[in-house]
Amino acid sequence: MLPKLPAMFGLLILFTIWPGVWLTHSMLRAYFSFYTYPEWITWAWYIPFTVLPLPWMLAKVVRRSRESAYASALESVEILKTTLDAKAFDRA
(Lines give C-alpha, C1' and ligand atoms only; values in the text may rest on other atoms or scores of the structure.)
Protein backbone atom coordinates (compact mmCIF):
# COMPACT_ATOMS: atom_id res chain seq x y z
CA MET A 1 0.00 0.00 0.00
CA LEU A 2 1.32 3.43 -0.86
CA PRO A 3 2.19 5.59 2.16
CA LYS A 4 -0.09 8.42 1.01
CA LEU A 5 -3.12 6.14 0.58
CA PRO A 6 -4.54 6.47 4.13
CA ALA A 7 -4.36 10.27 3.91
CA MET A 8 -5.98 10.25 0.48
CA PHE A 9 -8.71 7.92 1.78
CA GLY A 10 -9.35 10.25 4.72
CA LEU A 11 -9.65 13.28 2.45
CA LEU A 12 -11.96 11.39 0.13
CA ILE A 13 -14.20 10.43 3.04
CA LEU A 14 -14.17 14.00 4.37
CA PHE A 15 -15.10 15.52 1.02
CA THR A 16 -17.83 12.98 0.26
CA ILE A 17 -19.50 12.27 3.60
CA TRP A 18 -19.54 15.75 5.08
CA PRO A 19 -21.45 17.38 2.19
CA GLY A 20 -23.85 14.44 2.42
CA VAL A 21 -24.92 15.68 5.85
CA TRP A 22 -26.13 18.98 4.42
CA LEU A 23 -27.66 17.36 1.38
CA THR A 24 -29.52 14.75 3.44
CA HIS A 25 -30.80 17.34 5.89
CA SER A 26 -32.04 19.65 3.14
CA MET A 27 -33.71 16.79 1.27
CA LEU A 28 -35.44 15.53 4.41
CA ARG A 29 -36.78 19.02 5.15
CA ALA A 30 -37.87 19.55 1.54
CA TYR A 31 -39.62 16.20 1.02
CA PHE A 32 -41.04 15.53 4.49
CA SER A 33 -42.91 18.37 6.15
CA PHE A 34 -42.83 16.59 9.52
CA TYR A 35 -39.00 16.63 9.58
CA THR A 36 -38.52 19.93 11.41
CA TYR A 37 -35.49 18.88 13.46
CA PRO A 38 -32.43 21.12 13.67
CA GLU A 39 -29.41 20.28 11.56
CA TRP A 40 -27.42 18.81 14.44
CA ILE A 41 -30.03 16.05 14.83
CA THR A 42 -29.33 14.95 11.26
CA TRP A 43 -25.61 15.02 12.00
CA ALA A 44 -26.16 12.91 15.12
CA TRP A 45 -27.50 9.94 13.17
CA TYR A 46 -25.94 10.50 9.72
CA ILE A 47 -22.27 10.68 10.76
CA PRO A 48 -22.26 7.41 12.79
CA PHE A 49 -24.37 5.70 10.14
CA THR A 50 -21.83 6.50 7.41
CA VAL A 51 -18.48 6.64 9.24
CA LEU A 52 -18.63 3.68 11.63
CA PRO A 53 -18.64 0.96 8.91
CA LEU A 54 -15.60 2.47 7.16
CA PRO A 55 -12.86 0.49 8.98
CA TRP A 56 -14.56 -2.82 8.14
CA MET A 57 -15.18 -1.78 4.56
CA LEU A 58 -11.58 -0.64 4.15
CA ALA A 59 -10.23 -3.89 5.60
CA LYS A 60 -12.44 -5.92 3.25
CA VAL A 61 -11.38 -3.91 0.19
CA VAL A 62 -7.66 -4.18 1.06
CA ARG A 63 -7.94 -7.94 1.67
CA ARG A 64 -9.74 -8.56 -1.62
CA SER A 65 -7.26 -6.39 -3.48
CA ARG A 66 -4.33 -8.37 -2.08
CA GLU A 67 -6.01 -11.69 -2.88
CA SER A 68 -6.69 -10.55 -6.44
CA ALA A 69 -3.11 -9.32 -6.90
CA TYR A 70 -1.73 -12.62 -5.58
CA ALA A 71 -3.94 -14.68 -7.90
CA SER A 72 -2.95 -12.53 -10.85
CA ALA A 73 0.74 -12.91 -9.96
CA LEU A 74 0.37 -16.71 -9.87
CA GLU A 75 -1.28 -16.67 -13.31
CA SER A 76 1.50 -14.46 -14.67
CA VAL A 77 4.17 -16.79 -13.29
CA GLU A 78 2.52 -19.79 -14.98
CA ILE A 79 2.30 -17.92 -18.28
CA LEU A 80 5.96 -16.91 -18.03
CA LYS A 81 6.99 -20.49 -17.17
CA THR A 82 5.27 -21.94 -20.23
CA THR A 83 6.56 -19.16 -22.46
CA LEU A 84 10.14 -19.51 -21.27
CA ASP A 85 10.02 -23.31 -21.50
CA ALA A 86 8.79 -23.08 -25.09
CA LYS A 87 11.59 -20.65 -25.93
CA ALA A 88 14.17 -23.03 -24.41
CA PHE A 89 12.99 -25.87 -26.69
CA ASP A 90 13.12 -23.57 -29.73
CA ARG A 91 16.80 -22.89 -29.19
CA ALA A 92 17.75 -26.56 -28.80
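The values are calculated or read from the model by the stated rules, or taken from the named source; none is laboratory data. Since the model is a prediction, treat every value here as computed from it, not as a measurement. We place every Cβ from the backbone using ideal geometry, glycine too, and count neighbours over all the protein chains shown.
Tell me, which residue of region 3-48 that is part of a helix (DSSP H, G or I) and of a type in the set (Ser, Thr, Tyr) is modelled with the lowest pLDDT? Steps first, answer last, please.
So the first thing to find is which residues in region 3-48 are part of a helix (DSSP H, G or I), and the list is 5-31, 39-48.
Next, only the ones that are of a type in the set (Ser, Thr, Tyr) stay: 16, 24, 26, 31, 42, 46.
Numbers: Thr16: 87, Thr24: 93, Ser26: 94, Tyr31: 95, Thr42: 93, Tyr46: 93.
Once the filter is applied, the top-ranked residue is Thr16.
Considering only region 26-43, I want to know if a residue exists there that is in contact (Cβ under 8 Å) with a residue 24 or more places away in the chain, surrounded by 12 or more Cβ atoms within 10 Å (Cβ to Cβ), out of contact with any Pro (no Cβ under 7 Å at 6 or more places or on another chain) and of a type in the set (S, T, N, Q).
No, there is no match, as no residue in region 26-43 is in contact (Cβ under 8 Å) with a residue 24 or more places away in the chain, surrounded by 12 or more Cβ atoms within 10 Å (Cβ to Cβ), out of contact with any Pro (no Cβ under 7 Å at 6 or more places or on another chain) and of a type in the set (S, T, N, Q).
Mind counting the residues in region 50-85 that are part of a helix (DSSP H, G or I) and within 17 Å of Leu12 (Cα to Cα)? Can you show your working first?
Step one: of region 50-85, the residues part of a helix (DSSP H, G or I) are 50-51, 54-85.
Retained after the next criterion (residues that are within 17 Å of Leu12 (Cα to Cα)): 50-51, 54-59, 61-62.
Within region 50-85, residues that are part of a helix (DSSP H, G or I) and within 17 Å of Leu12 (Cα to Cα) number 10.
Are there any pairs with C-beta distances below 8 angstrom linking a residue in region 1-21 that is touching a residue at least 12 places away in the same chain (Cβ under 8 Å) to a residue that is among the hydrophobic types (A, V, I, L, M, F, W, C), with the two at least 6 apart or on different chains, and if so which?
Sorted first by the residue in region 1-21, then by its partner, the pairs are Met1/Val62; Phe9/Leu58; Ile13/Val51; Ile13/Leu54; Ile17/Ile47; Ile17/Val51; Val21/Trp43; Val21/Ile47.
Confirm whether Thr83 is of a type in the set (S, T, N, Q) and at pLDDT below 90.
On the way: of a type in the set (S, T, N, Q): yes; at pLDDT below 90: yes.
Taking the combined requirement at face value, the residue satisfies it.
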